[in-house]
Structures are given as C-alpha cells and as structure tokens.
1. Sort Ile37, Ile564 by Cβ crowding within 10 Å, fewest neighbours at the top.
2. Spelling out what I want: for every residue of segment 359-370, take phi, set θ = phi - 60°, compute 6.51 cos²θ - 1.76 cosθ + 1.60 (Karplus), and round to whole Hz; glycine and proline get x.
3. Round to the nearest 10 and give me the degree value, 0 to 90, for the angle of helix 224-238's Cα axis relative to the longest principal axis of the chain.
4. Rounded to the nearest 20 debye, what is the charge dipole size of the chain about its Cα centre when +1 sits on each Lys and Arg Cβ and -1 on each Asp and Glu Cβ?
5. Given only helices, namely DSSP H runs of n ≥ 4 each adding -39500 (n - 2.57), what is the per-residue ellipticity at 222 nm of the chain, to the nearest 500 deg cm²/dmol?
6. Which loop-located trypsin sites (Lys or Arg not before Pro) does segment 1-68 contain, where loop means any DSSP state but H, G, I, E or B and the Cβ has at most 12 other Cβ atoms within 10 Å?
7. Straight distance only, please: which lysines reach the Cα of Lys354 with their own Cα at less than 23 Å, same-chain residues fewer than 8 apart left out?
8. Counting pairs of alpha carbon atoms under 8 Å apart in space and at least six apart in sequence, what relative contact order in percent does the chain give?
Amino acid sequence: MITELSIKNFAIIDDISITFHDGLTVLTGETGAGKSIIIDAVQLLTGGRGSVEFVRHGEKKAEIMGLFSIESHHQHIYTLGDYHGIQIDDEMLILERIITKQGKSICRINGKLVTLTILREFGQAVVNIHSQHDTIQLMDRTTHLPLLDLYQSELIAPHKKEYIEFYEKYTSLYDKKMQLNQSEQEIAHRLDLLQFQLNELEQANLQVNEMEKLEDERNKLQNFEKIHHTVKEAYFSLYGEQKGLEWLDIAQSSLQDGKELDPFIEQKAEELTNAYYQIEEINASLGDFIEQLHFDEARLNEIEARLDELNRLGKKYGSTVEEMLDYKEKISFELNDIQDKDSHLAEIEAEMEKVKIKAIQVAKKLHSFRKKAAAQLEEEIKYELGDLYLENASFEVHFEPVRTDTLSKNGLDYITFRLSTNLGEPLKDMNKVASGGELSRVMLALKKVFAKHDDIQTVIFDEIDTGVSGRVAQSIAEKMYQIAISTQVLCITHLPQVAAMADQHVLIQKVETKNRTTTIMKELTDNAKVNELGKMITGTKLTNTAIEHSEELLELTRSFKQSI
C-alpha cells in the first residue's frame, strides 16, 4: 500500500507531502482545489504519460515520490524486482518520477534509474486507478477470463498449469512441423548450407579444451629462452662445487656430528637433513626439466596455424571449441530431420495428435471448473449489485461455444462478462450497457468481489460517485468501506456519505501566498471532519443544522462499521 506521497513543483502544487493509512482515505475539497492534480501525479508516478505542462511555472522540474509498503506474500513485486535487478529491502518500494521543463523524464525505483516501461510495470502492480470516464480494467473483455481463473484459483490453477504444459508442447511440435514444411527451394538451400558447415566442422577435428592446451603450449615455446635461463640459473646455483647443495651438505653433516651433544642440535640436524634431501630432489627435477627442454620452431608454426583456424571457425560457429561442438551437434540433428523430412513429419504429426487429445481432455476439465466458478461468481455479483440498488440487474459470464478442433493458450474457453441493468432488457457486453452512474456501481461490485483475490493493495477512485445521491450514495460508501477492509482505498469524492465513511479524511485546498496560487493538503481531526461534512451537505454556508446532520451521519457510519 502507499504510505507516503511527496509532490513538488507539479502544476499548481508547490511542495506537499502526505502520509496515508490502511483502510479508506477520502480526499475532499472545492472544485478546482487540485484534487484531480493529485491523481495526475499518482498516475505519472505509476508510469503514466508525462508532459512539460505539469512542471510548475518558473521551476526547472517537477518531482513526485511515493513510498509503498510491500508485504512479503506479494511475490509478484519481488519477482519483478529480481528480474530487473532491483533490491527490495524492509518490505519498502520507492517510486520516483521527475519531469524537467525540457520534457525529459527521469524514473527511479529504490534509487535505481529505470525506464518508463519498467516504472509502469511496478506502478500497475501496486496501484489501480479508476475514474468514471476511464475504460477500466474490469470492463476490458480480455481480462475477464484471467479474472475468472483468479476468482477460484485454488481449484482452477492446477488444471490450467497442466493444460499449459500440453499446449506449449503442442506449439513446439507445431513450430517444428512448420520449419520442416518450408518451400522446397528454401529446404534445398538450407540443406546445402548445413552440409557445408558440418563438413567444415568435421574436417577441423575439434577436440575438447584444444584451444586452451594449444595456447598453453604456444606460451611455453614463445618464452623458451626465458624459461630455459630461469631454470638453468636456479639449477647451477644449487649444483656443483661451492654451490648451494654443497654448503647445505656441510651444514647438515656438521650438525649430525654434534647431535649427541645437545637436544637442540639433534632437532635442527634432523630438520636440516630433511630440507637438504628435499632441495636435492628439487634440483634433480630442475635438471630433468632442462634435459627435456627444446625449442621446436616447426611446432610453434603448427600451433599458430591451428589457432588461426580455430579463431576463423570461432567467428562462424562459436567463440570456444565447446560452443562449436555444440553447434555441430545441433546442425547434425537439423540435417538429419531435413534429410528424413517425410518420416519426421509423420512422427511429429502423430505426436501432435497425441498431445492434442491429452490437452483437450485437460481443457474440458478446466472448462468444467470454470463453469462452476462462473455460476458462483454470477450469484456473488448479483448480490453485490442488489446492495447497490441495481435490483433488476442481471450479470452473466458468457461462454462462447466450445470448439475442440483448435487449441489456444487459454484452453477451450473465451468468455465475456455480460450485463443488463433494466428489467426486460437483454444481456449485452457490460461496457456497452451501463450509464455513468450504473457503470460506477457495477465497477464497485466487481472490485468488491475481486479485491480479495488480486495482489494489488491500493485502489484509487477518482469521483466515480458523480451523478448519484441518496440511498445509492450510501450504498456506494458502504461498498467502498467493505473493499477497504482488505485493500487500501483512496477516494476523491463530493458525497458526504462517502466522506463520513473514511478512516482518514484529507482536505485539499487552493490558497494564495506571495501572489501565487498553490494547493495544500491536510488531514482533518474529528471536529474538523464534522465541519467539512457540514459544508459538503449544505454546499454553501455552514449551519448548526448541517453540523447536526454531519454528526448524525458519522454516528450512522460508526454503527455500520461495528456491524461488519
């Protein structure tokens, strides 16, 4: 959920910051005070399109920053973080958006610079913004099947996972079949190319780790003189008259002669004798190494030529010998498939048929579970619509006729949420049926049902209650509060019924300071909340009657909250 929002030099906002809490937060204020500007800022913060018009006049840049609390069970956010290399510590996510007066947009997540696309990914995963005039996500028919699957995921997900495994195997076989079914001319060209490449790689007689071994041998030959001089100098420093080993032998013999005189001499005599024999072995090894050393110019030329050949092949088939061998194996399989095209096609088609039969069997089970989930969803949505005084509304999860001759990534199902808000009217796609006020209530009903099933923990409603009043306004307020039990809700409203339901009430005002207009925000105390509700009720002057009505409304609200 969003816990802190900071906005600086944005439109008519100078510098404001606000702390948000759990539950239902209501933002109220006069028309033109800047309520929609707050929503614009949040939309930009979550990846919306920016404009230089948002930068406050006379300022260099507009800055928006939001702090979000991410609970550990919301794995989608952490998965996004891992994928984009963004560390999420202490269950905190900081989104930042800067727009300069030149039109440049700078985005950061937890201090790391990111693209606008990545910011949008994170933003859409933590916040949903709905307004009355938006084509909201819940009205988009492409989201209906995923929402139905999410509604009863525990029952549907295992069958959906099993189906997807068969579907992906089927599509893989299909792609392989299409590759074999290319035009004869393309196949002939491909065959010639693969045969040439395979011949070239086979003639190269590549060996594992060959390049490393050759480079090591070349290094020794290229440094022959230095190696020979180094080892020879060490050898003759130890071997010969008046050299290292002779003096060590004299020293250890001297100690051996006197070892019975003192325990210390006996100990050191033994240590020096052991060291003498070790150094003698080292010197013998140095001598053997010198005997084996020889410079072979022909071998060096041979190595250089081989490495040149390997580097030439590497430019075509892989940077290492191992990669070239892997490529050789890959084209061998492909060549074999092309040469035995007809038999391979028959095998692929037979395997495709087997996989398709299994996929359809699983898809039918998936369809059955979806039908059961749809029936339950229809009942729950209808109940919620009744609560919102759409008693005559009908809701249907419409399934297109099932076709078993083709497979899709979603199984055999294609669904649409359909709605009728008036008695006797036919069911139609709901975004083509509802009026503005009805659309708001339908959206609230859907959001109420799906709120506990998705991972998005903050929902913002921007004046979706416009055009309603009376008992409908009260029902909308109650529904928003019910959503806020499991999801943080921020709502811009002009309805006192909704404002009275708030756990947190924020007043947005437009003030003039130093010959400039700016927007300010402040959280209202209980007394200030009563006065603000009174102004919302009367629309003009605050009266004692309005205050009484405000207190009565708050008391009714408290009774409703206690009844849940």
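Read-outs: derived from the displayed coordinates by stated rules, not from any lab. The structure displayed is predicted, hence computed values, not measured ones. Neighbour counts are summed over all protein chains in view; Cβ atoms, including those assigned to glycine, are modelled from backbone coordinates with ideal geometry.
1. Values: Ile37 19, Ile564 8.
By the 10 Å Cβ count, ascending, the order reads Ile564, Ile37.
2. So the Karplus estimates, Gly and Pro as x, are 4, 5, 4, 5, 4, 5, 5, 4, 4, 4, 5, 5 Hz.
3. The helix 224-238 is inclined about 60 degrees to the chain.
4. 4040
5. The helix contribution divided over the chain gives -19000 deg cm²/dmol.
6. Of the trypsin sites (Lys or Arg not before Pro), the ones in loops of segment 1-68 whose Cβ has at most 12 other Cβ atoms within 10 Å are Arg49, Lys60.
7. Lys160, Lys161, Lys169, Lys176, Lys177, Lys341, Lys364, Lys365, Lys409
8. 22
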